[in-house]
Amino acid sequence: MGQKLLEHVIAEVEALGANRLEIGIIKKHIELKHGYLKHGFVEKNSARFEQLPFEVLFMYRDLNQKKQGM
């Protein structure tokens, strides 16, 4: 289900004309990070926020590379 949802989100964002999709995930969630890496996402940076008990890892995928990793 997760892959289908991600494919749908990417298709919708591309249809809106975006060139990049950016996400933030819990940095310690290694399995999730590897899943996004497999789908063409790249690590950008990480940050701590006072109101969150975890570090956030920001990732992105350039959308002008057609269906990378799909």
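For (1) modelled with pLDDT under 95; (2) of a type in the set (S, T, N, Q); (3) at positive phi, each residue gets a yes or a no:
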site: Gly2; (1), (2), (3): yes, no, no
site: Leu6; (1), (2), (3): yes, no, no
site: Glu22; (1), (2), (3): no, no, no
site: Lys27; (1), (2), (3): no, no, no
site: Gly35; (1), (2), (3): yes, no, no
site: Lys38; (1), (2), (3): yes, no, no
site: Asn45; (1), (2), (3): no, yes, no
site: Phe54; (1), (2), (3): no, no, no
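Within region 46-65, the set of residues being part of a loop (DSSP other than H, G, I, E, B) and either touching a Lys or Arg at 6+ places or on another chain (Cβ under 8 Å) or of a type outside the set (Phe, Trp, Tyr) (or both) comprises Glu50, Gln51, Leu52, Pro53, Phe54, Leu63, Asn64, Gln65.
Looking at Lys38, Lys33, which is the one that is surrounded by 15 or more Cβ atoms within 10 Å (Cβ to Cβ), without any contact (Cβ under 8 Å) to a residue 60 or more places away in the chain and basic (Lys, Arg)? Give the derivation first.
Details: Lys38 fails: surrounded by 15 or more Cβ atoms within 10 Å (Cβ to Cβ).
On inspection, the qualifying residue turns out to be Lys33.
The values are calculated or read from the model by the stated rules, or taken from the named source; none is laboratory data. These figures come from a predicted structure and were not determined experimentally. Counting neighbours? That spans all protein chains shown, and the Cβs are built from the backbone with ideal geometry, glycine included.
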